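The values are calculated or read from the model by the stated rules, or taken from the named source; none is laboratory data. The shown structure was predicted, so the numbers you read here are calculated from the model rather than taken from an experiment. Glycine also receives a Cβ, built like all others from the backbone with ideal geometry; neighbour counts cover every protein chain displayed. Note: areas computed on protein heavy atoms with side chains; ligands, DNA, RNA excluded. Shrake-Rupley method; radii C 1.70, N 1.55, O 1.52, S 1.80 Å.
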Amino acid sequence: MPRTLPEPAVESFDLTVVLSALADPGRRALMTALYRRSEPVDCAVLVGEAGLELSSPTLSHHYRVLREAGLIRSVADGRKRIVTVRRHEVQARFPGLLQAILGADAR
């Protein structure tokens, strides 16, 4: 049975934490690949799209940082982790932030 992993409420999003999460090039590459998609995706597929060759522990760390910053939602479905950008929630808290940072990377 799928379960959503813990994530912060929109009201508790902290701009410093969000920007710190996006400051890492690997996390920004993952976010850019995810931002281009409109549907949830298996995190293993996303790694290939982002063009990253990182160890599993490093990838797990990056996904955890992004989730704890409030940028992504992760759903555990067996051994799979399905991720999606919390686009509307981040937009509500920090209008234009994702487009300004990730939209430029997506070009």
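Filter region 50-107 down to residues that are touching a strand residue (DSSP E or B) at 6+ places or on another chain (Cβ under 8 Å) and assigned to a helix (DSSP H, G or I), then give me how many there are. Looking only at that region, the number is 4.
Being open to solvent by 80 Å² or more (accessible area, probe 1.4 Å), modelled with pLDDT of 95 or more and not charged (D, E, K, R) is a description that does not apply to Pro57.
Restricting region 1-48 to residues that are assigned to a helix (DSSP H, G or I) and basic (Lys, Arg), which is most open to solvent (accessible area, probe 1.4 Å)? So, considering only residues that are assigned to a helix (DSSP H, G or I) and basic (Lys, Arg), the one most open to solvent (accessible area, probe 1.4 Å) is Arg36.
May I ask you to list the residues in region 63-82 that are within 12 Å of Arg27 (Cβ to Cβ) and open to solvent by less than 70 Å² (accessible area, probe 1.4 Å)? Once the filter is applied, which keeps residues that are within 12 Å of Arg27 (Cβ to Cβ) and open to solvent by less than 70 Å² (accessible area, probe 1.4 Å), region 63-82 yields Tyr63, Val65, Leu66, Arg67, Ala69, Leu71, Ile72.
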